[in-house]
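A quick write-up on the structure given underneath.
Throughout, read-outs are computed from the coordinates displayed, never taken from laboratory work. As the structure is a prediction and not an experimental result, all values here were calculated from the model. Note that each Cβ is placed from the backbone with ideal geometry, even for glycine, and that neighbours are counted across all protein chains shown.
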Amino acid sequence: MLRALAAIWLIWGLNWVVMKTANTYFPPILFVTWRFGTGALILLAVAYWRKIPFPDKKFLPWIILTGILQLTLNNIAAQVGMLSVSAGMAAVLNYTAPLWTAILAHFALNERLTKIKCVGIFSAILGLYVLMGLQGVEDLGAAFIIILGAVAMAVSNIVVKLQLMKCDMVQLTTWQMVFGAIVLVGYSSLFPQGEINWCLPAVLCVIYNGALASALAFFLWNYVLTHIEASLASIATFVAPIVGVLGGVFILGEPFTVHIVLGMALIFAGILIVVKKSK
């Protein structure tokens, strides 16, 4: 389990650096479309090679729902919101998903939301806020859109725990991504996003996001989500932005500030509180 989480932290954390690079070559939503379209094709090839059949009809509606919520709505909301708020604030608002997951899990999964667990969650969110440099919200409407995307991710987490625990993980991840990508392709076709500057770095960004940050990482995420508490799995993802910020420092030469140190401390404290309480 820890190895799966570590891989998620590394892949999604470093993907912040890759996505910053991709913004040079792609319109944001069009890049997300290429990302999940590539991931879907890779997973379809894996499913064909392993002779994994089409999902059972009892799972199919829930797979479609979680694919649209987790991949399409969450990412469109984040990318649209970033047109009016900074990338750092968008990340902070998007990473409120563990809070909404914990609240929903309290009612739907009987994962008790105690005061101590709330302290841990809010400590991690505050740490993320500090990590991103104490940035203010420039546009409340855009912030609300991003939060709705985070809620969509949280609802998807709960649906997976309630309805898809017995579904094959490759099957689940493959068809989540297929249906999510279909909606993204439709959205990009109806609402033109601009031109892509194709070059070697752009291709490498798509490969990294399609193969690692989408196909592999979401498979690992579904595996983790089906084996531990939904609230604990969600709060554990807060390590990814720490990896992302440190990646920006060491790879892109961004400054290492006191905000980073304090933010990391608050995030780790929050995770430890939730882990201890969950145990």
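Label sites at Phe107 and Phe122, each approximated as a point 7 angstrom past Cα along Cα to Cβ, lie 2.0 nm apart. Taking all Cα pairs closer than 8 Å and separated by 6 or more residues, the relative contact order of the chain comes to 42 percent. Rounded to two decimals, the Cα radius of gyration of the chain over 2.2 N^0.38 Å is 0.96.
The packing ranking, built from the mean of other Cβ atoms within 10 Å per residue, places the peptides 145-154, 55-64, 3-12 in the order 145-154, 3-12, 55-64, highest first.
Among rounded, prolate and oblate, which fits the stretch 124-279 when a ≥ b ≥ c are the square roots of the eigenvalues of its C-alpha gyration tensor, a/c under 1.5 means rounded, and a/b larger than b/c means prolate? Judged from the Cα gyration tensor, the stretch 124-279 comes out oblate (a/c at least 1.5, b/c at or above a/b). The trypsin sites (Lys or Arg not before Pro) found in the stretch 76-163 that occupy coil by DSSP, while having at most 16 further C-beta atoms within 10 Å, are Arg112. Taking 4 °C and 1.567 mPa s as conditions, the stretch 183-271 diffuses translationally at an estimated 80 µm²/s according to Stokes-Einstein applied to its Kirkwood radius (Cα pairs).
Using helices alone, what [θ] at 222 nm do you get for the chain, with -39,500 (n - 2.57) per DSSP H run of 4 or more residues, divided over all residues and rounded to the nearest 500? Don't jump to the answer; show the numbers that get you there.
Values: 14 runs with 200 residues, N = 279.
Helix-only estimate at 222 nm: -23000 deg cm²/dmol.
The stretch 4-54 and the stretch 202-245 have Cα centres spaced 10 Å apart.
Cβ-Cβ distance of Val80 and Arg50, R₀ of 45 Å, FRET efficiency by 1/(1 + (r/R0)^6): the value works out to about 0.80. For the stretch 142-188, the extents of the C-alpha atoms along the principal axes are 37, 24, 11 Å, listed from largest to smallest. Shown here is the pair-distance distribution of the stretch 40-189: with all Cα-Cα distances grouped in 5 Å bins from zero up to the longest one, the shares run 2, 10, 15, 17, 18, 15, 12, 7, 3, 1 percent.
With 10 angstrom as the radius, rank Val258, Val275, Val206, Val17 by how many other C-beta atoms surround their C-beta, starting from the fewest. Please report the intermediate quantities before stating the final value.
Values: Val258 8, Val275 15, Val206 23, Val17 20.
Ranking Val258, Val275, Val206, Val17 by Cβ neighbours within 10 Å, fewest first, gives Val258, Val275, Val17, Val206.
Across the stretch 37-134, C-alpha contacts under 8 Å between residues 6 or more apart give a mean separation that, scaled by the residue count, equals a relative contact order of 22 percent. Highest GNM mean-square fluctuation among Ala45, Ala217, Ala77, for the chain modelled with Cα contacts below 10 Å: Ala45.
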